[in-house]
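Trainee: Please find one structure pasted underneath; my questions will follow.
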Amino acid sequence: MNSAPSIPEEIIKLFDKSSIALSLASAGSDKPLIAANKKFCELTGYDIEEIVGKNCRFLQGNYDNTDAKKNIHQFLNGNAGLSIRQPLINVKADGTPFINLLYMSRLCDGIGNTQFILASQFDISNTHTENLNHYGVVLGNTLKKITPLAHQAGIILEGSITALANSTAMIAQAKLTLAELQSANHIF
Ligand SMILES: Cc1cc2nc3c(=O)[nH]c(=O)nc-3n(C[C@H](O)[C@H](O)[C@H](O)COP(=O)(O)O)c2cc1C
């Protein structure tokens, strides 16, 4: 019986040094988080001890994100390409809502079975186009660094990141979504 590959220590070290939010979940059962870096904790306001072992849906609070979740399900079920970039409404630990641009790609073993899901989170509701474009470049470089580290452990990182053609429009839409939530709910 083949045992599942484990995540190389070098990838966790890379997480710790990264300037962008990164997280990793096991592909099994309910996809619990097995790692998240300092930037993820800064972005969400949660301590690492509070989140390891949990599915990341806790970040959605009471927002239903129906369409976004449909896309995520399709990706996680292997029916929507090698990676996904999906905006969805999230809530920080202090209750502040934000629009999280979630990136995900799969880490597979040598026979193509998904073992882990790699994710990165970015707050597009409180940013400018240049910041989002810069984030895209850093994420692309991060994926390039993870690929050979994973390979040494027999793990294939699927997917890559391409420049967002409409980053300005995406940020404008995120701000609009938050403003609509604010006027509809008077919650923040
Ligand atoms: C590694 C990883 C990171 C994720 N990060 C987030 C996140 O930051 N915010 C979020 O709302 N959902 C995130 N998700 C998605 C949710 O965990 C979940 O897959 C999504 O809500 C759809 O599933 P559900 O309908 O069972 O909740 C992440 C998933 C994975 C596997």
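Trainee: Can you bin the stretch 1-60 into rounded, prolate or oblate? Criterion: square roots of the alpha carbon gyration tensor eigenvalues sorted a ≥ b ≥ c, rounded for a/c under 1.5, prolate for a/b above b/c, oblate for the rest.
Mentor: Note, shape of the stretch 1-60 comes out oblate.
Trainee: Please arrange SER183, SER120 by how many other C-beta atoms lie within 10 Å of their C-beta, fewest to most.
Mentor: Lowest to highest Cβ neighbour count: SER183, SER120.
Trainee: Another question, then. Please report the relative contact order for the chain, taking Cα pairs under 8 Å with a sequence separation of at least 6, and give it as a percent rounded to a whole number.
Mentor: 21
Trainee: Next question, about the same structure. Fewest first, what order do HIS128, HIS134 take by the number of other Cβ atoms within 10 Å?
Mentor: HIS128, HIS134
Trainee: Within 10 Å, Cβ to Cβ, of ALA153, how many net charges do the neighbouring residues add up to if Lys/Arg are +1 and Asp/Glu are -1?
Mentor: Its environment carries a net charge of -3.
Trainee: I need the semi-axes of the equivalent ellipsoid of the stretch 81-137: take the C-alpha gyration tensor, multiply each eigenvalue by 5, square-root it, list largest first in whole angstrom.
Mentor: 27, 15, 8
Trainee: Then there's this: Which FRET efficiency value, to the nearest 0.05, is calculated for ASP16 and ALA179 with the Förster distance at 35 angstrom and r the Cβ-Cβ distance?
Mentor: The computed FRET efficiency comes out at 0.45.
Trainee: Next question, about the same structure. Work out, in µm²/s and without decimals, the Stokes-Einstein translational diffusion coefficient of the chain at 25 °C, 0.890 mPa s, Rh from Kirkwood over C-alpha pairs.
Mentor: Taking Rh from Cα pairs, D becomes 144 µm²/s.
Trainee: Roughly how many whole Å is it from the C-alpha centroid of the stretch 33-83 to that of the stretch 119-188?
Mentor: Using only Cα atoms, the two centres lie 13 Å from each other.
Trainee: Looking at the chain, do any whole DSSP H helices span at least 18 angstrom along their long axis by alpha carbon and average -1.0 or above on Kyte-Doolittle, and which?
Mentor: 129-152, 167-185
A short reminder: the numbers here are calculations on the coordinates, not readings from a lab. In this text the structure is predicted, and so the values were computed from the model without any measurement. As a convention, Cβ positions derive from the backbone with ideal geometry for all residues, glycine included, and neighbour counts pool all protein chains shown.
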